[in-house]
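S.K.: For reference, the structure I am asking about is given below.
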Amino acid sequence: MKVGIIGIGHMGQAIIDGLLNTMKSEELILSNHRINDAMTTYQEEHQIEVVTDNQSVINANPDFVIFTTPAPVTLAVMQEFKTLSAQTVILSAAAGISLAEINAILPEQPVALLMPNTPVAVNHGTLGVALNEYITDSEPIESFLQQLGDVFITSEREFGIFGTVTGCGPAFVDVFMAALGDAAVKNGLNRELAYQAAASMVKGSASLMQETNIAPDVLKDQVTTPGGSTIRGVVALEQHAFRAAVIDAVEASNG
Ligand SMILES: NC(=O)C1=CN([C@@H]2O[C@H](COP(=O)(O)OP(=O)(O)OC[C@H]3O[C@@H](n4cnc5c(N)ncnc54)[C@H](O)[C@@H]3O)[C@@H](O)[C@H]2O)C=CC1
Ligand SMILES: O=C(O)[C@@H]1CCC=N1
């Protein structure tokens, strides 16, 4: 397997971290338009080379090329890939770019829109994928991406909102966990233990919902003992329009 990754920023590095847990570094070919001090440090820490020319990626004849370049430059960078093998599948993680825009530059190339999220770094990501018409069998793409987490094939219409919830969502959950940490510290817990408690609780709550397939409001009802402490906290959240704030956050990111 050979995988090219273009744009080694936060998302590119998260994907590399995840793939290095399951693949050999020789299977990856990484390209970034410049090597600055941070990139040099990254190469040293990961014992991995990042090149600055995309032709090296094309010459490696990769099975997949993942674009994690900034959205505004991604279509321009793709212009450099016109000699890419017709068999290579492009996975474009740049938010807001359509399959048609990519195929206007690379006609008949198999292309999938990809929305990864930062938990791919620890192989617990959520990956939304929308395929173009030149991909007739999704299995090789799914089995490749499953190394990084849960893979969901969506239509291109669903892809945008799916990706907002899963791609932006980790930041919303991070804000929630930071707030839990502050509340715990305010009440005397040390910060390290506070963050471990918050992360473990969020992970466990997510696993419970995923493994039982029970709706979150039903799970919430199982926690709120009548006359107990949890319902007082839930009412406080409602008084601060917590649900509306979350819905507004998703709408703002999706816009
Ligand atoms: N950060 C995240 O959680 C997610 C990001 N994405 C997408 O991934 C892409 C990158 O986002 P981040 O990693 O957050 O940004 P970033 O700014 O951390 O990384 C972008 C990288 O691309 C490089 N780059 C810029 N111009 C380039 C060019 N012409 N050729 C090659 N490399 C170039 C930059 O030097 C940098 O290393 C965006 O399109 C974003 O929509 C998608 C899902 C989640
Ligand atoms: O903030 C962004 O634009 C990217 C897309 C999804 C997560 N990060």
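S.K.: Return a yes/no flag: does segment 141-161 have any residue that is out of contact with any Leu (no Cβ under 6 Å at 6 or more places or on another chain), in contact (Cβ under 8 Å) with a residue 40 or more places away in the chain, within 15 Å of ligand 2 (Cβ to nearest atom) and open to solvent by 50 Å² or more (accessible area, probe 1.4 Å).
M.R.: Yes, that holds for at least one residue.
S.K.: Can I ask one more? Name the residue, out of LEU131, LEU84, that is more than 16 Å from ligand 1 (Cβ to nearest atom), of a type outside the set (Ser, Thr, Tyr) and open to solvent by 10 Å² or more (accessible area, probe 1.4 Å).
M.R.: Being more than 16 Å from ligand 1 (Cβ to nearest atom), of a type outside the set (Ser, Thr, Tyr) and open to solvent by 10 Å² or more (accessible area, probe 1.4 Å) holds for just one of LEU131, LEU84, which is LEU131.
S.K.: Next question, about the same structure. Among the residues of segment 87-126, count how many are under 15 Å from ALA76 (Cα atoms), touching a residue at least 40 places away in the same chain (Cβ under 8 Å) and β-branched (Val, Ile, Thr).
M.R.: 0
S.K.: Just one of the numbered conditions (1) at pLDDT below 95; (2) within 20 Å of LYS2 (Cβ to Cβ) is not true of SER138; which one?
M.R.: Result: SER138 passes all but (1).
S.K.: Quick one: in segment 71-81, of everything that is hydrophobic (A, V, I, L, M, F, W, C) and surrounded by fewer than 16 Cβ atoms within 10 Å (Cβ to Cβ), which residue is farthest from ligand 2 (Cβ to nearest atom)?
M.R.: ALA76
S.K.: I'd like to know if segment 226-249 contains one or more residues that are at pLDDT 95 or above, among the hydroxyl-bearing types (Ser, Thr, Tyr) and more than 25 Å from ASP150 (Cβ to Cβ).
M.R.: Among the residues of segment 226-249, at least one is at pLDDT 95 or above, among the hydroxyl-bearing types (Ser, Thr, Tyr) and more than 25 Å from ASP150 (Cβ to Cβ), which makes the answer yes.
S.K.: Also, I was wondering about something else. From (1) open to solvent by less than 20 Å² (accessible area, probe 1.4 Å); (2) over 20 Å from ALA121 (Cβ atoms), pick out the condition that doesn't hold for MET39.
M.R.: All conditions are met except number (2).
S.K.: Turning to a different aspect of this structure: Those residues that are surrounded by 13 or more Cβ atoms within 10 Å (Cβ to Cβ) and at pLDDT 95 or above, I need them from segment 42-58; list them, please.
M.R.: VAL50, VAL51, ASN54, SER56, VAL57, ILE58 - these are the residues of segment 42-58 that are surrounded by 13 or more Cβ atoms within 10 Å (Cβ to Cβ) and at pLDDT 95 or above.
S.K.: So, one more: Yes or no: segment 163-175 includes at least one residue that is more than 16 Å from ligand 1 (Cβ to nearest atom) and surrounded by 13 or more Cβ atoms within 10 Å (Cβ to Cβ). Before the answer, list the steps.
M.R.: If we filter segment 163-175 for residues that are more than 16 Å from ligand 1 (Cβ to nearest atom), which is where we start, we get none.
The answer is no; no qualifying residue exists.
S.K.: Could you list, ordered by first residue, the pairs with Cβ atoms under 9 Å in which the first is in segment 18-33 and farther than 23 Å from HIS124 by Cα and the second is open to solvent by 30 Å² or more (accessible area, probe 1.4 Å) and hydrophobic (A, V, I, L, M, F, W, C), at least 6 apart or interchain?
M.R.: HIS33/VAL73
S.K.: Quick check on my filter: what residues within segment 5-34 are open to solvent by 10 Å² or more (accessible area, probe 1.4 Å), over 20 Å from PRO119 (Cα atoms) and near ligand 1 (Cβ under 10 Å from one of its atoms)?
M.R.: ASN32, HIS33, ARG34
S.K.: Something else: Filter segment 98-121 down to the residues that are within 16 Å of ligand 2 (Cβ to nearest atom) and not small (Gly, Ala, Ser), then identify the one that is farthest from VAL202 (Cα to Cα).
M.R.: Per the criteria, the residue is LEU113.
The values are calculated or read from the model by the stated rules, or taken from the named source; none is laboratory data. Keep in mind the model is a prediction, meaning the values are calculated, not measured. As a convention, Cβ positions derive from the backbone with ideal geometry for all residues, glycine included, and neighbour counts pool all protein chains shown. These area figures cover heavy atoms from the full protein model, side chains too; ligands, DNA and RNA do not enter into them. Shrake-Rupley method; radii C 1.70, N 1.55, O 1.52, S 1.80 Å.
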